[in-house]
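In what follows, a structure is listed as structure tokens, so that the remarks can point back to it.
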């Protein structure tokens, strides 16, 4: 039960980190392999604010979201927008170049050492349930906090995309930008806001994951494969698919590293291949659109 709990917490964290990439790939049809750089920005913002300025952890979280979102909005307007109509290979090469530039910049200005984040005391504890029984469950307070925050964000995202005017405008802009513009929708603004929110969620995930995943300048490259697995297995046309894929990946990764440490990564990739052979389009595919 403890392994399952830790796997769910890990999976929820991966979902928040990867959902922005799912949106840009599935809804905006743009392959942004520099997505992890925005997560790294959120993580470093949190660490620097806490270590050097004694900013409380809970205050750092919205700052990490806002900082990554603002950076995403600026880069979308200046660098990303001209690449929207380029071939996917050009987008891949462009975004990988940005990722390497981010890695080099952080390494130059902040150093290459692993960053240590000191959590508040109320998040350091652990609660044991069913001690001495086969169903013993050890819940780390920080992982419980991650699950609660990510669950709330998931519900909020699902609501925004499916039940708000902005969500309908985004879907219309994706399905046919020309018709959407003819109906009075500012497609560029919709895409800019979507990209900024996706980047902000990555920054928030980086802030939440700095203590669990570790934080150093290679973060965007180290976890790029995990983000792509979540998007590829879950599909890029819904929130439900990436969420389920992230949970499967998190549980498989934690369980694999616990029971067969030498084959932990192999189990994750084998599971990914099996799912993609079964459903090449991902677990969930939205009907309609393009």
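The values are calculated or read from the model by the stated rules, or taken from the named source; none is laboratory data. On a predicted model such as this, the values are computed, not experimentally measured, just so you know. Positions of Cβ are generated from backbone atoms using ideal geometry, with glycine treated the same way; all protein chains shown enter the neighbour counts.
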Q: Kindly establish whether residue 242 is assigned to a loop (DSSP other than H, G, I, E, B), under 28 Å from residue 123 (Cβ atoms) and touching a helix residue (DSSP H, G or I) at 6+ places or on another chain (Cβ under 6 Å).
A: no
Checked 276, 221 against criteria (modelled with pLDDT of 90 or more, more than 13 Å from the chain's Cα centre (by Cα) and not in a loop (DSSP other than H, G, I, E, B)); the one match is 221
Scanning segment 259-268 for residues that are in a helix (DSSP H, G or I) and free of Cβ contacts under 8 Å to residues at least 24 places away in the same chain, the one nearest to residue 244 (Cα to Cα) turns out to be 267
Within segment 229-258, of all residues that are surrounded by fewer than 18 Cβ atoms within 10 Å (Cβ to Cβ) and in contact (Cβ under 8 Å) with a residue 40 or more places away in the chain, the one nearest to the chain's Cα centre (by Cα) is 240
Every listed condition ((1) part of a helix (DSSP H, G or I); (2) in contact (Cβ under 8 Å) with a residue 40 or more places away in the chain; (3) more than 15 Å from the chain's Cα centre (by Cα); (4) surrounded by fewer than 19 Cβ atoms within 10 Å (Cβ to Cβ)) holds for residue 174 save (4)
Taking residue 119 as the residue in question, decide whether it is assigned to a helix (DSSP H, G or I) and surrounded by fewer than 16 Cβ atoms within 10 Å (Cβ to Cβ).
no
